[in-house]
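A.B. asks: Below are the structure tokens for one structure; questions will follow.
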Amino acid sequence: MMISLSRALLLTCSVACHATAHSIDSNYRIDVHSHAIPDIWKQAMISAGFPIENGTLYNDGAPVPDWSLDTHISSMDTLGVNYSTLSITAPGVSFIRDAKKAKSLARKINLLLYDYTQAHPTRLGALCLLPLPHINEAVKELEFCLDTLKFAGVGLYTNANGLYLGDSTLEPIFKALDKRGAGVFVHPASPTCTSVGLGHPMPMIEYPFDTVRAIENLLLTGQRARYPDLNIIFSHGGGAIPYLATRIAGVATLPYGGGIAFPESLAQLAGYYFDLASATSAIQLAALKSFIGAKRLVTGIDYPYVPLSQAQPGLVGIQTNGNFTDSEMGEIRYQNALNIFPRIAEALNIN
């Protein structure tokens with residue numbers, strides 16, 4: 001698919017030329033977990049047979065909300081969010097079995113994400129949608145998004161049609177990410193064995209549990225150890241990892257569990273960033289603060305899947321519920337995100 005002339009002209013100008021120079025104060029907020037829902041994606045899901053109930057499209061047992069670029073910006077203003085990275089939630093385009101068609105849809109969506117960021121260059125960044133589980137096509141799309149469109153980073157899923165992070169099939173993806181030092185945002189997906197959901201919405205508990213499956217697999221297959229410098233964010237407070245990490249690390253020391261030294265396993269499990277989407281209660285924040293500390297936490301809201309009525313009090317309560325200092329809140333609000341995605345600093349013209 002060719003880039004339009006207008007897009008090509010835009011690409012000749014660096015992101016910095018669109019940015020407005022300013023200094024960041026302690027209340028600046030970067031949201032690394034927000035979703036665009038383009039109509040072409042919804043229509044593709046409908047064509048693939050995703051259920052519709054009373055005129056509403058459902059995905060993993062949950063309704064797909066209405067979305068527009070204008071309402072997204074408006075929600076950011078309401079929530080006091082200065083900058084958001086846009087991504088496509090699970091299942092991405094993995095429901096399309098044909099590699100060529102999956103790549104075509106991913107490309108169309110990525111160009112839309114690019115257009116959104118160009119319309120609001122100091123408010124929005126984009127995370128590349130890969131046409132997984134089609135590896136060759138995914139590598140090419142990653143290269144296009146990062147090298148040509150200059151996206152802030154790349155979006156991955158805990159699994160794509162049962163292909164979990166940690167699988168050796170994904171080595172070309174990790175090599176390409178590592179070569180570019182790209183920031184990675186991982187969103188949970190439904191496991192292929194949907195019966196474990198007992199007929200309930202999969203995002204309720206299976207999304208957090210699938211985060212655990214992916215992180216565990218990255219440890220036990222050695223893939224994380226091969227790419228220790230990649231900055232990777234996992235959603236929703238890391239799922240259940242803060243609670244289960246010592247159990248996983250303990251079993252991993254045993255011969256049948258991998259024979260990995262306990263300190264090494266625990267260091268790997270605690271070596272990710274976790275966003276705080278749906279993870280703002282005192283219990284969750286106490287566990288996160290104990291496990292990884294404020295330097296590994298980033299702001300995530302999960303708009304529009306988390307309604308404003310839930311997102312707003314959650315954001316307000318982070319500092320109190322987590323007993324974070326003002327300095328720690330600065331890390332959580334924006335500094336950690338800038339460390340993961342340095343291209344955001346470029347877009348904002350921050351030295």
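The values are calculated or read from the model by the stated rules, or taken from the named source; none is laboratory data. These numbers were taken from a predicted model, which means no experiment stands behind them. Cβ placement follows ideal geometry from the backbone for every residue including glycine, while neighbour counts extend to all protein chains displayed.
A.B. asks: Spot the failing condition for Gly238; the list is (1) over 15 Å from the mean Cα position of the chain (by Cα); (2) in contact (Cβ under 8 Å) with a residue 40 or more places away in the chain, and only one is missed.
C.D. replies: (1)
A.B. asks: Are there any pairs with C-beta distances below 9 angstrom linking a residue in region 249-264 that is modelled with pLDDT under 95 to a residue that is charged (D, E, K, R), with the two at least 6 apart or on different chains, and if so which?
C.D. replies: Correct list of pairs: empty, since none qualify.
A.B. asks: Can you tell which of Lys103, Lys140 is surrounded by fewer than 23 Cβ atoms within 10 Å (Cβ to Cβ) and either touching a helix residue (DSSP H, G or I) at 6+ places or on another chain (Cβ under 6 Å) or of a type in the set (A, V, I, L, M) (or both)?
C.D. replies: The conditions single out Lys103.
A.B. asks: Before we move on, is Leu170 surrounded by fewer than 24 Cβ atoms within 10 Å (Cβ to Cβ), within 21 Å of Asn136 (Cβ to Cβ) and out of contact with any Phe, Trp or Tyr (no Cβ under 6 Å at 6 or more places or on another chain)?
C.D. replies: Yes, satisfied.
A.B. asks: When only residues in region 287-311 that are surrounded by fewer than 16 Cβ atoms within 10 Å (Cβ to Cβ) and not basic (Lys, Arg) count, which is nearest to Ala240 (Cα to Cα)?
C.D. replies: Ser290
A.B. asks: Pick out the one residue from Leu198, Leu149, Leu127 that is under 21 Å from Val298 (Cα atoms) and either surrounded by fewer than 24 Cβ atoms within 10 Å (Cβ to Cβ) or among the hydrophobic types (A, V, I, L, M, F, W, C) (or both).
C.D. replies: The unique qualifying residue is Leu127.
A.B. asks: Within region 51-89, how many residues are free of Cβ contacts under 8 Å to residues at least 12 places away in the same chain, assigned to a strand (DSSP E or B) and of a type outside the set (Asp, Glu)?
C.D. replies: The qualifying residues number 4.
A.B. asks: Moving on. Among the listed residues Arg107, Arg97, which satisfies the condition of being among the basic types (Lys, Arg) and in a loop (DSSP other than H, G, I, E, B)?
C.D. replies: On inspection, the qualifying residue turns out to be Arg97.
A.B. asks: Now for a separate question. Residues that are touching a residue at least 24 places away in the same chain (Cβ under 8 Å), surrounded by fewer than 20 Cβ atoms within 10 Å (Cβ to Cβ) and not in a helix (DSSP H, G or I): does region 326-344 have at least one?
C.D. replies: Within region 326-344, not a single residue is touching a residue at least 24 places away in the same chain (Cβ under 8 Å), surrounded by fewer than 20 Cβ atoms within 10 Å (Cβ to Cβ) and not in a helix (DSSP H, G or I).
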